[in-house]
1. Could you check segment 503-534 and list, in sequence order, the residues that are farther than 30 Å from Lys362 by Cβ and of a type in the set (Asp, Glu)?
2. What residue, among those in segment 167-200 that are buried (at least 22 other Cβ atoms within 10 Å of the Cβ) and in contact with a Lys or Arg (Cβ under 6 Å, 6 or more places away or on another chain), is modelled with the lowest pLDDT?
3. With respect to Ser524, is the statement that it is closer than 28 Å to Asp573 by Cβ, in the same structural domain as Ile330 (by the TED database), at pLDDT below 95 and open to solvent by less than 10 Å² (accessible area, probe 1.4 Å) true?
4. Which of (1) out of contact with any strand residue (DSSP E or B) (no Cβ under 8 Å at 6 or more places or on another chain); (2) open to solvent by 10 Å² or more (accessible area, probe 1.4 Å); (3) part of a helix (DSSP H, G or I) does Arg481 not meet, given it meets every other one?
5. Which one of Asn370, Asn342, Asn337, Asn326 is open to solvent by 50 Å² or more (accessible area, probe 1.4 Å), at pLDDT 95 or above and over 26 Å from Leu71 (Cβ atoms)?
6. If you scan segment 418-455, which residues turn out to be at pLDDT 90 or above, open to solvent by 10 Å² or more (accessible area, probe 1.4 Å) and over 24 Å from Glu562 (Cβ atoms)?
7. If the requirement is being at pLDDT 80 or above and open to solvent by 80 Å² or more (accessible area, probe 1.4 Å), which of these qualifies: Lys279, Lys204?
Amino acid sequence: MSRPRWINWALAAGAGALALTLLLPTSNRTVPKPSAMQENPQKEHASKQRLKVQDIKATDLLTRVDAKQHLGVILDKTNTMTDAQVTRYMKDLQDSHGHMRSIQLMNMDDSSSKRFDRAFKEGSKLEQQKLSHAMNLAKKAVHKRQSFESSSFPLGKEKYFVMAQPSKDGKRAIIALFSQSVLNAVEEHQRKNLRMIPYPREGKFKIESVHPDTLNEITVKTGHDNANASHFYENEIVIRFRQDPSERDMRIIRSDVKTQSARKLGYTYVFRSETMNYKQLRDYFGSKWNPLYMEPHYMYLTNETAAEQPDVPIPNDVLFSDYQWNLPAIETNRGWNITKGNKDVIVAVVDTGVDVNHPDLKGKLLEGYNVVNPGNKPLDDVGHGTHVAGIIGAIVNNNEGVAGMSWYNKVLPVKVLDNSGSGTTYAVAEGIIWAADHGAKVINMSLGNYADAQFLHDAIKYAFDRDIVLIAATGNDNTERPGYPAAYPEVFAVSATDPDMNKASYSNYGDYVDVMAPGSSIASTYPDNQYAALSGTSMASPHVAALAGLIRSLNPDLTNTEVMDLMRQSVIDLGEPGHDKYYGYGQIDVYKALQAASGSSAPLQFWPQHVRQQMDNTMKKYIQ
């Protein structure tokens with residue numbers, strides 16, 4: 001794929017741009033005043049450490065739910081296969097799912113079995129004993145027609161767990177050993193993403209960090225409340241425990257109340273039982289768990305004559321109900337009743353690339369471009385871009401993994417960051433221009449630093465002048481210092497909230513912030529056909545990019561500035577009334593924004609611009 005003509009001009013103008021990174025600032029800016037929200041380095045590091053641990057625990061749960069689903073699918077699919085078909089199927093499965101290190105299919109009638117192994121570290125003698133013990137417990141469980149799941153245990157430098165499941169008729173069973181190398185990847189990823197270590201420390205860049213004002217080199221050290229109502233869900237209950245239940249407690253509760261759904265929002269949990277009504281649930285939790293309070297899961301109704309309301313879509317994606325708190329928090333489900341997107345409205349992800357083979361992204365990705373290595377596909381060797389892409393466009397309602405915000409918008413992956421998660425100003429600028437020249441209507445940039453580089457700004461202007469909505473994350477340093485490209489006037493700046501709709505502790509802030517979006521422990525796709533929970537403004541930004549894609553799908557006549565204004569006005573106002581530096585205009589509300597964008601005409605506040613654009617389009621047709 002040839003480079004755009006502007007790249008050749010830039011090369012001729014000065015190849016020195018290749019040596020720049022997003023860590024190189026300019027010095028022609030005033031120094032922001034210190035803010036009361038800035039924590040001291042020790043407290044900030046401790047806060048980020050807790051968040052990192054939270055993300056690792058959440059990812060552990062995601063991997064186990066995903067593993068359980070896979071075992072059920074394997075049992076079903078291999079039931080009628082010949083031995084040769086099973087062998088071929090298992091080889092393809094393990095080729096595409098490297099974390100499935102050992103799979104044993106058992107026939108319970110004659111105790112025969114077939115085992116499919118991939119190489120893994122044997123570990124110490126003690127570690128081998130733990131593995132053998134877990135496998136023996138798994139075999140005993142399936143012989144009793146029971147499922148089994150071990151705790152995590154180390155083998156060498158990686159963690160593993162064993163899971164077993166009998167078939168529905170009890171005649172067959174499966175036992176598998178799963179690698180949890182994704183936990184190590186998430187830990188390393190979040191140490192960088194949350195700026196807990198000097199970064200970047202790898203790759204081809206000589207300057208790791210500089211002070212934004214002096215250019216001297218430095219080392220980086222560092223729901224809604226329920227109320228009384230007359231209507232509530234009869235098989236659900238809202239609980240606030242005196243202390244959060246452990247993983248073991250949650251397994252007991254799920255088993256006792258027969259629930260597949262246990263959602264946490266802030267300090268409270270919502271449980272939905274398959275067999276118990278509210279009174280039975282209240283008696284159970286009151287007698288066994290002594291919670292701080294219990295109440296029905298109320299339905300809120302307007303004070304007007306009842307009218308039929310469209311059902312709120314609840315997708316069947318395995319991880320949605322229990323782990324994707326972020327989508328209901330911004331009214332995504334209700335928004336789907338207005339639009340689910342359009343394949344012709346392309347959202348570009350300028351990032352580390354994307355896992356193009358991930359099953360939850362199949363059919364949603366366009367070919368894309370690799371700026372780092374132009375001859376190669378834009379493959380993700382970090383994980384960041386795959387996670388961002390899943391938030392925007394993971395397949396919805398496919399009984400697999402997570403649900404993206406858009407059902408139909410295509411994602412255009414543009415790889416501008418290398419395997420260290422870092423990139424040059426030149427690479428990022430080239431990626432933005434390439435996306436602008438290849439059909440992107442929205443560009444997401446979950447990247448940045450404190451570098452007001454004119455070269456990058458020119459690329460931003462190039463895309464903006466072509467009516468593209470540019471969305472960027474503000475950064476994860478809990479600072480008021482403007483981050484770029486988010487702080488450019490042509491870019492829509494996004495900071496992060498937590499599940500309580502508070503500003504996330506790590507999130508940057510300032511007068512340039514436009515809106516907030518969920519950014520803490522966000523479940524999404526991850527390389528090697530896996531899923532992970534990550535935190536950061538990088539995770540908040542794609543929520544807004546997806547919303548922009550939905551708006552442009554619904555009302556393609558809106559200009560980029562009109563889309564941005566509409567998103568600013570269609571928010572849940574947080575913090576001080578109106579715009580403030582900690583929350584911008586507030587947290588995005590997908591349903592409210594799509595309501596404002598719906599209809600055959602533009603919203604009233606955009607009428608003059610809309611008419612002018614329609615006249616221009618009409619004139620162009622006749623002139624041509």
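1. If the condition is that a residue be farther than 30 Å from Lys362 by Cβ and of a type in the set (Asp, Glu), then Asp511, Asp514 are the ones that fit.
2. Leu194
3. Values: closer than 28 Å to Asp573 by Cβ: yes; in the same structural domain as Ile330 (by the TED database): yes; at pLDDT below 95: no; open to solvent by less than 10 Å² (accessible area, probe 1.4 Å): yes.
Considered against the rule, which asks whether it is closer than 28 Å to Asp573 by Cβ, in the same structural domain as Ile330 (by the TED database), at pLDDT below 95 and open to solvent by less than 10 Å² (accessible area, probe 1.4 Å), Ser524 comes out as no.
4. Condition not satisfied by Arg481: (3).
5. Details: Asn370 fails: open to solvent by 50 Å² or more (accessible area, probe 1.4 Å); Asn337 fails: at pLDDT 95 or above; Asn326 fails: open to solvent by 50 Å² or more (accessible area, probe 1.4 Å).
One residue alone meets the criteria, Asn342.
6. Answer for segment 418-455, where residues must be at pLDDT 90 or above, open to solvent by 10 Å² or more (accessible area, probe 1.4 Å) and over 24 Å from Glu562 (Cβ atoms): just Leu447.
7. Details: Lys204 fails: at pLDDT 80 or above.
Unique residue meeting the criteria: Lys279.
For every residue, the table says whether it meets (1) of a type in the set (Val, Ile, Thr); (2) modelled with pLDDT of 95 or more; (3) more than 20 Å from Tyr484 (Cα to Cα); (4) surrounded by fewer than 24 Cβ atoms within 10 Å (Cβ to Cβ).
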| residue | (1), (2), (3), (4) |
| --- | --- |
| Met539 | no, yes, no, no |
| His543 | no, yes, no, no |
| Arg552 | no, yes, yes, no |
| Thr561 | yes, yes, no, yes |
| Met564 | no, yes, no, yes |
| Arg568 | no, yes, no, yes |
| Ile572 | yes, no, yes, yes |
| Gly578 | no, no, yes, yes |
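The values are calculated or read from the model by the stated rules, or taken from the named source; none is laboratory data. The model shown is predicted, which means the values in this text are computed figures rather than measured ones. In this analysis, Cβ positions are derived from the backbone assuming ideal geometry, glycine residues included, and neighbour counts consider all displayed protein chains. When the accessible area is computed, the model is the full protein with side chains, heavy atoms only, and any ligands, DNA or RNA have been set aside. Shrake-Rupley method; radii C 1.70, N 1.55, O 1.52, S 1.80 Å.
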